[in-house]
Amino acid sequence: MTAMRGYVPAAETGALGVHSLDQFVLAVPDLRPAQAFYAGFGLDVRQSGDDLALHTFGHDHAWGAVVAGARKHLHHVSFGCYPDDLPYLQARVEEENGVEIVDPPAGFESNGFWFRDPAGALIEVKVAPKTSADRKMAGTWSSGPEGVAAAPVRANAPAVRPRRLSHMLMFTTDVDRAIDFYSRNLGLRLSDRSDAVAFMHGIHGSDHHILAFAQSEAPGLHHCSWDVAGIDEIGLGAMQMHDKGYRKGWGLGRHVLGSNYFHYVQDPWGSFAEYSADIDYIPKAQQWQAGHHKPEDSFYLWGPEPPADFAHNYEAGH
Ligand SMILES: [Fe+2]
């Protein structure tokens, strides 16, 4: 069915939920290709003990981490909450919803608590600063002035450096069950969905989606998405990666659900990193009217044909 899209203002107090996708952690057999890929993408990749920490330049927060593992897989996903909310969130997960609390993986002990989602993905909720966006991040489109050449020569193309992590998209085994689970346990809300995908936002103000799901036979990382200032940065980023040998991907295009402009670069393990600009923003205390959209009407507004393996889950083991 076709749904209305837009804001329905509603004052709301007392709602409980995480405020941010704090960090995604990826395990791969060899950290060197990860270092090269994410540094090439424009991230500040730092050595952190035996692991890699994925920062954006000028930002202390580690939006992602890469650890050594026998095979590439999504190691875990961390969500941040306010200090006062942590005990209430744990009580909701553990007592109200009967979800088993598990031990943290070695090296990731924290102030929070850990559990598995219905597809088996390991999830952490912890107290952390709010790193999701507090407002719509403005773009930088500006028309060149008369009488000067606005574009630099290619040798002087500026390096693209994403500003922050926007969201990640996880493969999951049952999208309906994932929407229900993440709503009831983490307080995320459905923004929009199609038959095999769903997009969820935080209740304290966030991008249209900080977490998204795609149907698969196993959990996994489909893509991480990084905010850049505008369409020119998306194109420059795609070229930056192309020049470094990362030539598979999808873009330039514009999504319908979230409205962001995108270019996806395929990583060394078959998943993707997305340059994203101008994603819709859902302010705190406003309710978004979620829609269930036809796939052919909502995947992308414009852009080239996606690659044949765009929705393939290489973590599913075949
Ligand atoms: Fe995305």
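The values are calculated or read from the model by the stated rules, or taken from the named source; none is laboratory data. It should be emphasised that the depicted structure is a prediction, and the values quoted were computed from it without experimental measurement. Backbone-built Cβ (ideal geometry, glycine too); neighbour counts: all protein chains shown. Just the protein is used for accessible areas: all its heavy atoms, side chains included, with ligands, DNA and RNA removed. Shrake-Rupley method; radii C 1.70, N 1.55, O 1.52, S 1.80 Å.
Just a few scattered comments:
- Selection from region 14-34 of residues that are farther than 25 Å from residue 270 by Cβ and free of Cβ contacts under 8 Å to residues at least 40 places away in the same chain: 14
Every residue, every condition in (1) over 22 Å from residue 205 (Cβ atoms); (2) in a loop (DSSP other than H, G, I, E, B); (3) not β-branched (Val, Ile, Thr), yes or no:
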| residue | (1), (2), (3) |
| --- | --- |
| 232 | yes, no, yes |
| 235 | yes, no, yes |
| 239 | yes, no, yes |
| 252 | yes, no, yes |
| 263 | yes, no, yes |
| 279 | no, yes, no |
| 300 | yes, yes, yes |
| 310 | yes, yes, yes |
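- Scanning region 248-268 for residues being surrounded by fewer than 20 Cβ atoms within 10 Å (Cβ to Cβ) and under 15 Å from residue 38 (Cβ atoms) gives a total of 1.
- Residues located in region 224-237, provided they are surrounded by fewer than 23 Cβ atoms within 10 Å (Cβ to Cβ) and within 15 Å of the ligand (Cβ to nearest atom): 227
- Applying a threshold of 9 Å to beta carbon distances and a minimum spacing of six or more residues, or different chains, the list of pairs starting in region 106-122 at a residue that is touching a residue at least 60 places away in the same chain (Cβ under 8 Å) and charged (D, E, K, R) and ending at one that is open to solvent by less than 50 Å² (accessible area, probe 1.4 Å) and not in a strand (DSSP E or B) reads 117/99; 117/178; 117/181; 117/182; 117/185; 117/219.
- Of all the listed residues (140, 131), the sole one being open to solvent by less than 40 Å² (accessible area, probe 1.4 Å), closer than 30 Å to residue 231 by Cβ and out of contact with any helix residue (DSSP H, G or I) (no Cβ under 7 Å at 6 or more places or on another chain) is 131.
- As a summary of the residue check, residue 247 satisfies the conditions (1) more than 24 Å from residue 156 (Cα to Cα); (2) charged (D, E, K, R); (3) assigned to a loop (DSSP other than H, G, I, E, B) except for the one numbered (1).
- Region 75-95, residues that are open to solvent by 30 Å² or more (accessible area, probe 1.4 Å), of a type in the set (Phe, Trp, Tyr) and within 19 Å of residue 221 (Cα to Cα): none
- Selected residue (criterion: nearest to the ligand (Cβ to nearest atom)) from residues of region 202-211 that are more than 20 Å from residue 295 (Cα to Cα) and part of a strand (DSSP E or B): 207
- Count - residues of region 83-117 that are assigned to a helix (DSSP H, G or I) and of a type in the set (Phe, Trp, Tyr): 1
- Filtered residues of region 279-309 (kept if open to solvent by less than 40 Å² (accessible area, probe 1.4 Å) and free of Cβ contacts under 8 Å to residues at least 24 places away in the same chain): none
- Residue 250 being within 15 Å of the ligand (Cβ to nearest atom), closer than 18 Å to residue 21 by Cα and modelled with pLDDT of 95 or more: no
- Just one of (1) under 23 Å from residue 42 (Cβ atoms); (2) outside any strand (DSSP E or B) fails for residue 274. It is (2).
- Within region 41-61, restricting attention to residues that are touching a Ser or Thr at 6+ places or on another chain (Cβ under 7 Å) and surrounded by fewer than 20 Cβ atoms within 10 Å (Cβ to Cβ), the residue that is nearest to residue 268 (Cα to Cα) is 44.
- Where residue 169 falls short, out of the listed (1) within 16 Å of the ligand (Cβ to nearest atom); (2) open to solvent by less than 10 Å² (accessible area, probe 1.4 Å); (3) touching a Leu at 6+ places or on another chain (Cβ under 9 Å): (2)
- Among the residues of region 212-223, just one is buried (at least 24 other Cβ atoms within 10 Å of the Cβ), under 19 Å from residue 192 (Cα atoms) and more than 10 Å from the ligand (Cβ to nearest atom), namely 213.
- Taking the listed residues 58, 17, the one that is closer than 21 Å to residue 212 by Cα and over 17 Å from the mean Cα position of the chain (by Cα) is 17, with no other qualifying.
- Tally, over region 269-278, of residues that are within 27 Å of residue 176 (Cα to Cα), buried (at least 22 other Cβ atoms within 10 Å of the Cβ) and more than 11 Å from the ligand (Cβ to nearest atom): 1
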